[in-house]
Every structure is written in structure tokens, then in C-alpha cells.
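For reference, the structure discussed in these notes is given below.
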Amino acid sequence: MNRINKWLVAMTLEEKVGQLNMLASSQAVTGPGNRRAVEEDIRAGRIGSLLNLWGGNQARAVQRIAVDESRLGIPLLLTLDVIHGHRTIFPVPLAEACLFDPDLWEKTARAAAAEATLDGIALTFAPMLDVARDPRWGRIVEGPGEDPWVASQFAAAKTRGFQGDDLGAAHSLAAVAKHLCAYGAVTAGREYASADLSDRTLREIYLPPFSAAVAAGTAAIMPAFIDIAGVPMTANAPLLQGWLRGQLGFEGVLISDYNAVAELLNHGVAKDIAEAAALALKAGVDIDMMSNAYTQGLPEALERGLVTMGEIDASVRRVLELKERLGLFDDPYRRGSAKPETGDARALAREAARRAIVLLSCKGDILPLSPDIGHVALIGPLAAAPGEMVGPWSSAGLGDDAVSFLDGLKAALPECRIDSASGVDVDSQSLQGIPAAVELCRNAELTVLCLGEDVSMSGEAASRTDLDLPGCQRTLAEKVLDLGKPVVVLLSSGRPLVSPWLFERADAVLATWFLGSEAGNAVADVLTGKFNPTGKLAITWPRNVGQVPVFYGQRPTGRPTKAGERYTSSYLDLPVTPQFPFGHGLSYSRFTLSDLRCSPSCAKPGESVEISLMVRNDSLADGEATLFLFVRDLVASVARPLLELKAFRKIALSVGEQGWVNWTLPIDSLNFVGLDLRPVLEPGQFEIHVGQSADPGELLTTIFELIP
Ligand code: BGC
């Protein structure tokens with residue numbers, strides 16, 4: 001008998017339920033009383049996983065209690081939200097998505113795993129794969145943007161990065177793909193609200209990233225807090241048991257979100273804690289994070305016949321199998337002992353951060369800054385704010401270790417005088433500091449305005465309805481702009497900010513998100529031209545909150561939009577086009593696209609077509625172009641979106657250079673969710689569109705035919 005079977009025979013009900021119980025350590029729940037209680041529970045086998053405890057020594061100490069002092073000696077699973085870096089912080093995921101670079105996505109996850117495992121962590125609650133199209137929702141910052149195909153690439157890269165080739169290795173972290181699913185579709189962008197969408201939309205948009213994570217071998221999955229059309233995901237047997245475990249064959253662990261099992265009572269689908277526990281367990285949720293519903297409710301649920309011992313055992317077995325795969329039974333102290341051979345994490349953070357910066361607008365030749373610039377004013381509440389650079393999920397990363405914009409620019413321009421003032425706070429009503437800040441701008445050659453949100457305005461429980469600059473930042477910006485001198489804006493945020501006036505008036509605006517530990521250096525690289533920007537929006541940028549949700553993959557309408565014409569799909573008061581389309585992002589180079597070809601011009605299922613395109617650098621700066629390949633299925637049994645992303649590619653070109661970009665497009669990738677909700681591939685004509693963004697006006701187009 002293997003050790004898992006032996007344990008299953010030897011365990012009491014309390015010990016079994018203990019393996020399904022995840023609680024926070026004293027690092028999260030303060031006070032010596034709590035710490036003692038947690039330790040006593042570990043000793044008694046009542047806790048199988050711990051959340052929020054890190055640090056080699058701490059991890060070893062708590063693990064020793066489980067291994068040496070509990071009856072069966074089963075090691076603990078130590079877990080943490082390592083979302084975009086652990087000690088070295090990389091850009092927030094929405095910013096990292098703008099890299100469109102699976103290799104770098106993987107590398108930053110690998111580096112985070114190396115640091116987190118050294119701190120004793122064995123599992124991270126990442127990657128977050130919620131496709132999101134509504135920037136009112138604060139958690140849009142945590143995910144890969146609006147596109148399911150991009151999210152699927154992101155899922156695979158992050159899972160590979162966290163888990164490595166061998167989950168049992170000392171520097172591998174178990175990944176938890178979250179939050180299954182449609183959390184990004186909460187009503188009106190309001191946190192924790194219900195989502196109501198069709199089965200088709202689930203299958204086309206919200207489930208594919210989770211399929212990709214499963215295909216990449218994710219060890220675990222977390223159901224979302226929310227309900228979908230009245231069925232909370234924590235109790236959603238059709239999706240968790242039916243789709244995930246049944247259809248996809250997922251055999252890993254399901255971990256509830258924080259307190260979500262007990263919250264089934266608030267959802268109104270369980271009348272007591274035993275019912276809540278039974279609903280979640282029967283839906284396939286193995287671990288109860290923080291709600292104590294399993295410890296309090298499962299024994300009674302068993303007595304009342306709401307669950308069987310077989311169902312409890314199945315969950316315990318999955319948890320123990322995960323611990324085994326992580327190598328915890330062979331060596332519970334493996335993580336936290338050996339320093340990994342990794343590259344320079346700070347250099348990687350700088351590279352990822354400068355690649356995540358999106359140059360949204362730029363007039364004339366204001367950027368890059370002239371190397372002779374002698375006097376700059378760096379103004380705004382985010383100018384010298386290292387703590388804000390690390391974003392809302394900074395794991396063990398410290399704001400004090402992050403490079404502020406001011407420090408980054410000072411280091412890059414040692415000869416330049418840089419005057420700095422905040423002028424206003426991020427979100428207060430005080431105008432007091434504005435006159436002095438404006439004075440600094442009056443005397444400088446150029447102003448860099450550092451505006452945006454602070455970290456508390458993004459992330460969980462940070463939904464907003466007004467997406468313009470908070471507080472009095474607009475007043476500050478307008479006073480500075482009124483001087484009529486050059487102004488470059490650094491816009492820090494976890495979502496697109498809706499400030500059309502700013503794009504109109506400022507000479508240049510850069511989306512600088514929350515860029516992490518190397519934020520200031522990355523921004524200085526871009527401003528000075530040491531790095532030519534390549535970031536591309538992974539999310540459509542609205543011009544007005546009233547347009548939300550606005551995304552590129554819209555379906556055609558019977559009455560296509562005609563600007564200014566009534567009875568077409570449009571608004572009376574605003575264009576339907578966004579401020580910036582998906583994929584938008586300027587460069588100091590200018591690229592010309594030509595010769596889009598597709599060969600052969602017809603193909604059958606199982607075959608593929610070759611697509612190629614010529615790109616020329618027509619500017620005076622070496623640079624890197626990003627090309628997006630979209631398709632449109634012209635006639636199908638279910639109307640297909642006007643554009644659907646199928647691939648992207650980057651090409652580096654020096655001044656005057658040209659080069660071909662090639663893709664092989666498998667015909668089978670053109671399948672879609674048919675009328676019966678199963679994948680179908682239908683013959684007919686497909687348009688291929690290639691461009692530097694999803695702006696329809698700038699796409700090159702060709703056509704091919706899928707023949708039976
Ligand atoms: C969040 C999860 C997170 C968990 C543990 C919850 O509030 O929704 O994304 O993994 O807390 O920190």
C-alpha cells in the first residue's frame with residue numbers, strides 16, 4: 001500500500017477534514033493568541049495548508065510542528081499570493097500582458113517561483129486568468145486583459161513558469177489558475193456581484209484560459225467568489241464537476257476562494273454551514289480557504305447523509321497527491337533551503353517594466369527627451385512614490401526597494417536639474433500645493449506630470465464608477481497645461497483611466513500602470529530613448545465610462561455603425577470607437593506594412609495556411625514592431641466576431657530595414673462554439689487581417705476559403 005492509501009486508512013475524520021482546511025498564519029492574523037491556536041491546530045492535524053506565512057525560518061518552524069508533532073506527520077502546504085513577483089516585483093499582470101511576449105511572461109513567473117520557494121512557499125494563487133472588459137472592476141489589474149486567446153497564452157506561460165518541468169523541484173511552485181470563471185463579467189463592474197451570461201459566452205470567452213491552464217498542467221484551480229446566474233461558483237457542480245473534471249479531465253485540487261464556502265449562506269443557496277460544506281464538497285471543492293465551513297460543517301453533513309465518506313476521501317486523496325507531487329513527503333524542507341541559480345531578477349524586472357509601458361499618445365518629437373535637456377519639473381502625487389510602484393498585490397515586495405520615477409530619472413539624467421513636487425495628493429480635495437508646483441513648471445524646459453491612481457484604488461474590492469483622475473489631479477494638470485509649455489504625462493493605474501481631455505492637451509501620455517521594483521528606471525529608459533517603447537494595450541481604452549464594456553471582438557450587427565446616422569448601431573452623443581484600440585501602443589519608430597499574403601488560398605480541415613507580411617522600419621530609430629493576426633469568419637451558423645485574434649509576433653528592425661513576418665495558421669484553430677455548444681469547423685470564406693492594433697482602419701486584409 002502506498003503512503004497515501006495508508007494514511008487514508010489511518011486518518012480520523014477530524015484529520016481528514018484537517019487536510020481540507022486552509023487557514024491564515026499569524027503573519028496575517030495578528031496576535032499571539034491566534035498564533036498559538038494555529039500551532040495547536042497544526043499539531044492536532046486540523047490544518048493541512050497555511051496561507052500568508054513566508055520566510056525560510058518561519059516556514060521551517062511551522063513545518064516542523066506538522067512533521068514532528070502531529071500524529072501522522074503530514075507536511076503542511078504553505079501558500080501565498082505570488083501574483084507578479086515575490087521580493088522582486090514585476091509589472092502588474094494587466095501591464096505585463098502588454099508585453100505580448102510569452103517567453104518573458106514565463107521568465108518572470110520562474111523568477112517569482114525562485115524567490116517564493118526560497119521563502120518556503122509551495123503554492124501560489126496565480127495566474128489570475130479572468131478575461132475582463134469592464135475597467136470599473138478593480139481586479140482588471142490582476143488579469144491579462146480582454147482577449148481570451150491572449151489570456152490562454154498567458155495561462156500556459158505562467159503555469160510553465162511557476163511550475164517548471166518538475167513540480168517536485170525545490171524551486172517549483174504549484175500554480176492555481178483563478179478565478180473560475182467570469183469574475184470579470186460581474187454586473188456593472190461591481191465587486192462580488194452576480195454575473196449572468198450565456199453558455200456560449202462562457203465557452204467562447206471565459207473558459208478557454210482555464211482549458212489552457214489545465215493543458216499546461218496547472219496543479220490547482222480556484223473557483224470565483226461570484227455566482228453565475230444564481231449558481232455560486234463554489235457550489236457550481238455543472239462547471240466544476242461536469243466541465244472541469246468531467247470534460248477536461250482535471251485531476252488536480254480545487255481550492256475555494258477566501259471564506260467562499262461559508263459565503264454560500266449569504267448567496268442564499270445553503271441554510272446552514274453543513275449544507276454549505278456539502279454543496280462545495282460535492283461540487284468538487286477540495287480545500288476550504290479560511291471559512292472553517294469544512295471543519296464545522298462536514299462532520300454534521302456526513303451524519304445527515306449530505307456527503308459520503310467516499311467524497312471526503314476523494315478530496316483528501318487529491319490534496320495528499322498534490323503534496324506528494326510537490327515533493328513534500330520526501331523532503332518537507334526542500335523549499336527554503338537551497339538558493340536557486342537564477343539570473344538577475346532586478347534586470348528582468350527592468351526589462352519587463354520598460355516593455356510594459358505603453359506610449360499612448362505623442363505629438364511631434366517631444367519624446368524621446370533631448371540628451372541636452374537641462375531642467376525638468378517632475379510633478380504630481382506619483383512622482384516620488386516608491387510604495388505605489390509595486391501595485392496592489394506585492395507579496396513580500398517592499399515599496400522601499402522600488403525605484404520611484406524621481407530616482408529613476410535622476411539616475412538617467414545626472415546633468416539635468418530636476419525639480420519635484422507632488423502638488424496634490426492622489427485622492428484628496430486640497431489644492432494648497434498647486435501654486436508652488438506650477439511655479440516649478442514655469443521655470444523648467446519640460447514638465448513630466450505623474451498622475452493616476454494609488455495602489456488602494458485597484459485590485460480586490462476597488463470597483464469605481466468614475467474612471468477619470470481621482471481627487472484634484474485634473475485641476476493640477478490643467479494649471480500646468482495652461483502654461484503652454486511641453487508636458488509629458490506618466491499615467492499610473494491598474495485600469496484604463498478615462499481622461500479624454502488629457503490626451504487632447506498633453507504632448508505625450510504614457511501608461512505606466514504599476515511597474516514594480518524597477519518602475520523608475522524603466523520609465524527613464526523610455527523617456528530618454530535608451531529603450532524604444534514596444535508595449536501594446538491588452539485592453540481597449542474607453543473614451544467614456546458609458547461605452548463600457550468596449551472591446552475589439554464585437555459581433556457584427558444588422559445595422560452597422562455609420563457615424564452620425566440614426567438607426568445604425570451608435571450613440572447620439574459619442575463615437576463608438578474607443579480612445580485607443582486593443583493593441584495600440586506607439587514607438588519612436590514608424591513601421592510600414594505591405595504584401596500581406598496567404599497561401600494556399602483554400603485549405604481543408606487538418607491543413608494549414610502560410611501567412612506572410614512585409615514590415616519596413618521607415619523611421620530614424622531602430623525599433624520593434626508587434627503584428628497582430630486576426631481572422632473574420634464571414635458567414636457561419638453563429639455570427640462570428642468582426643475580429644478574432646489568432647496570433648501575434650514581434651520583429652526588431654533597424655533604421656530602413658525590412659523583414660518578413662510569417663505565420664502558419666492551422667485550419668482547425670478556426671473552429672468555434674456551434675449551435676449545439678460543441679466545437680465546429682464550417683467551410684466558407686475567412687478574412688485575414690494583420691496590423692499593429694485592432695484599429696480596423698489600419699489593417700491589411702486578404703481572404704482564403706476553407707473547403708470541406
Ligand atoms: C482573493 C484571491 C486570493 C485569496 C487569498 C481572496 O480575497 O479573491 O484571489 O488568492 O484572497 O489571498
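Taking a ≥ b ≥ c as the square roots of the eigenvalues of the Cα gyration tensor of region 382-429, is the shape rounded (a/c under 1.5), prolate (a/b larger than b/c) or oblate? Working shown, then result.
On the way: a/c = 4.10, a/b = 1.26, b/c = 3.26.
The shape class here is oblate.
Taking only Cα atoms, what is the 0 to 90° angle, nearest 10, from helix 309-325's long axis to the longest principal axis of the chain?
Its long axis makes an angle of about 60 degrees.
How large is the helix-only mean residue ellipticity at 222 nm for the chain, computed as the sum of -39500 (n - 2.57) over DSSP H runs with n ≥ 4, divided by its residue count, in deg cm²/dmol to the nearest 500? Don't skip to the answer; put the middle values down first.
Numbers: 19 runs with 184 residues, N = 708.
Result for the chain, helices only: -7500 deg cm²/dmol.
Can you pull the accessible area of SER599 for me, 1.4 Å probe, Å² to the nearest 10?
70
What pairs from LYS410/LYS530; LYS107/LYS339; LYS562/LYS646; LYS107/LYS410; LYS158/LYS282 go past 20 Å between their alpha carbons?
On the way: LYS410/LYS530 14 Å; LYS107/LYS339 17 Å; LYS562/LYS646 27 Å; LYS107/LYS410 29 Å; LYS158/LYS282 29 Å.
Exceeds cut-off: LYS562/LYS646; LYS107/LYS410; LYS158/LYS282.
Tell me, what ³J(HN,Hα) does each residue in region 603-610 have, in order and in whole Hz, if you take phi through Karplus 6.51 cos²θ - 1.76 cosθ + 1.60 with θ = phi - 60° and put x for Gly and Pro?
These are the phi-based 3J(HN,Hα) values: 8, 10, x, x, 9, 9, 10, 9 Hz.
Taking the Cβ of LEU322 as the center, what net charge do the other residues with Cβ under 13 Å away carry, scoring Lys and Arg +1 and Asp and Glu -1? Spell out each step's value before the answer.
Working: positive: ARG317, ARG318, LYS323, ARG325; negative: GLU251, ASP286, GLU321, GLU324.
Summing Lys and Arg as +1 and Asp and Glu as -1 gives 0.
Give the aspartates and glutamates whose C-alpha is closer than 19 Å to that of LYS485, dropping any in the same chain fewer than 8 places away, or say none.
Qualifying aspartates and glutamates at Cα under 19 Å: ASP365, ASP372, ASP419, GLU439, GLU445, GLU504, ASP507.
Of all trypsin sites (Lys or Arg not before Pro) in region 559-598, which ones are in loop regions per DSSP and have a Cβ with at most 16 other Cβ atoms within 10 Å?
On the way: sites: LYS562, ARG566, ARG590, ARG597; in loops: LYS562, ARG566, ARG590.
Answer by residue number: LYS562, ARG566, ARG590.
Could you order LYS536, LYS650, LYS271, LYS410 by accessible surface area, starting with the largest, using a probe radius of 1.4 Å? Don't jump to the answer; show the numbers that get you there.
Values: LYS536 10, LYS650 50, LYS271 155, LYS410 100 Å².
Highest to lowest solvent-accessible surface, that is LYS271, LYS410, LYS650, LYS536.
Tell me, what ³J(HN,Hα) does each residue in region 170-185 have, in order and in whole Hz, if you take phi through Karplus 6.51 cos²θ - 1.76 cosθ + 1.60 with θ = phi - 60° and put x for Gly and Pro?
4, 10, 9, 10, 5, 8, 10, 6, 9, 10, 6, 8, 6, 4, x, 9
Quick one: of the DSSP bridges fully inside region 353-529, what percent are antiparallel, nearest 5? Write out the running numbers ahead of the final one.
Values: 4 of 23 bridges.
The antiparallel proportion sits near 15 percent.
For the full complex of protein chains and a 1.4 angstrom probe, list SER211, SER152 by accessible area with the highest value first. Present the calculation step by step, with values, prior to reporting the outcome.
Numbers: SER211 40, SER152 15 Å².
Sorted by accessible area, descending: SER211, SER152.
Taking K and R as +1 and D and E as -1, what net charge do the other residues with C-beta under 13 Å from the C-beta of GLY268 add up to?
On the way: positive: LYS271; negative: ASP227, GLU263, ASP272, GLU275.
In short, -3.
Scan around ALA621 for amide H atoms under 5 Å from its own, H built in the peptide plane at 1.01 Å from N, and keep only partners 5 or more places away or cross-chain.
ARG590
Which value, in debye to the nearest 20, gives the size of the charge dipole of region 473-540 about its Cα centre, when Lys and Arg are +1 and Asp and Glu are -1 at the Cβ?
80
Quick one: of the DSSP bridges fully inside region 14-146, what percent are antiparallel, nearest 5?
Details: 1 of 9 bridges.
Antiparallel bridges make up about 10 percent of those DSSP assigns within region 14-146.
What part of the accessible area of the chain, given as a whole %, is carbon or sulfur when the probe is 1.4 angstrom? Walk me through the intermediate numbers first.
Details: 12820 of 25940 Å².
Of all accessible area on the chain, carbon and sulfur atoms account for 49 percent.
Rg/Rh for the chain to two decimals, with Rh computed the Kirkwood way over all alpha-carbon pairs.
Numbers: Rg = 26.2 Å, Rh = 26.6 Å.
Over the Cα atoms of the chain, Rg/Rh equals 0.98.
With angles folded into 0 to 90 degrees, how steeply does helix 293-303 sit against the dominant principal axis of the chain? Use alpha carbons for both and round to 10.
Long axis of 293-303 versus the principal axis of the chain: about 40 degrees.
Taking Cα pairs under 8 Å and at least six residues apart, what relative contact order does region 415-487 come out at, in percent? Mind dumping the intermediate values first?
Numbers: 73 pairs, mean separation 29.4, N = 73.
Over region 415-487, the number comes to 40 percent.
Of all chymotrypsin sites (Phe, Trp or Tyr not before Pro) in region 536-572, which ones are in loop regions per DSSP and have a Cβ with at most 14 other Cβ atoms within 10 Å?
On the way: sites: PHE551, TYR552, TYR567, TYR571; in loops: PHE551, TYR552, TYR567, TYR571.
Loop-located and lightly packed - TYR567, TYR571.
Given the whole protein assembly as supplied and a 1.4 Å probe, what does the accessible area of SER394 come to in Å², nearest 10?
30
Read phi for every residue in region 477-493 and hand back ³J(HN,Hα) as whole Hz from Karplus 6.51 cos²θ - 1.76 cosθ + 1.60, θ = phi - 60°, with x for Gly and Pro.
4, 5, 5, 5, 5, 4, 5, x, 9, x, 9, 10, 10, 9, 9, 9, 5
On a 1.4 Å probe surface of the protein chains, which of THR557, THR79 comes out largest in accessible area, and what is the full order? Let's see the in-between values first.
Details: THR557 65, THR79 0 Å².
From most exposed to least exposed: THR557, THR79.
Taking Cα pairs under 8 Å and at least six residues apart, what relative contact order does the chain come out at, in percent?
Details: 1758 pairs, mean separation 88.8, N = 708.
RCO, the chain: 13 percent.
Note down the accessible area of THR664, probe 1.4 Å, to the nearest 10 Å².
Here the accessible area works out near 80 Å².
Suppose we keep just the DSSP beta bridges with both residues in the chain; what percent of those would be antiparallel, to 5?
Details: 49 of 91 bridges.
About 55 percent, rounded to the nearest 5.
When a/c is below 1.5 the answer is rounded, else prolate if a/b is larger than b/c, else oblate, so apply that to region 577-625 with a ≥ b ≥ c taken from the square roots of the Cα gyration tensor eigenvalues. Kindly include the intermediate steps, with their values, before the conclusion.
Numbers: a/c = 3.50, a/b = 1.75, b/c = 2.00.
Oblate.
Need one word for region 334-398: rounded, prolate or oblate. Basis is the Cα gyration tensor (sqrt eigenvalues a ≥ b ≥ c); a/c below 1.5 gives rounded, then a/b vs b/c decides. Please list the in-between numbers first.
On the way: a/c = 2.72, a/b = 2.05, b/c = 1.33.
In terms of gyration-tensor shape, prolate.
Evaluate the relative contact order of region 353-529 (contact order divided by residue number), counting alpha-carbon pairs under 8 angstrom at least 6 apart; express in whole percent.
On the way: 387 pairs, mean separation 64.4, N = 177.
So the answer I get is 36 percent.
The values are calculated or read from the model by the stated rules, or taken from the named source; none is laboratory data. Not measured: the values here are computed from a predicted model. So basically every Cβ, Gly included, is an ideal-geometry build from the backbone, and we count neighbours across all protein chains shown. When the accessible area is computed, the model is the full protein with side chains, heavy atoms only, and any ligands, DNA or RNA have been set aside. Shrake-Rupley method; radii C 1.70, N 1.55, O 1.52, S 1.80 Å.
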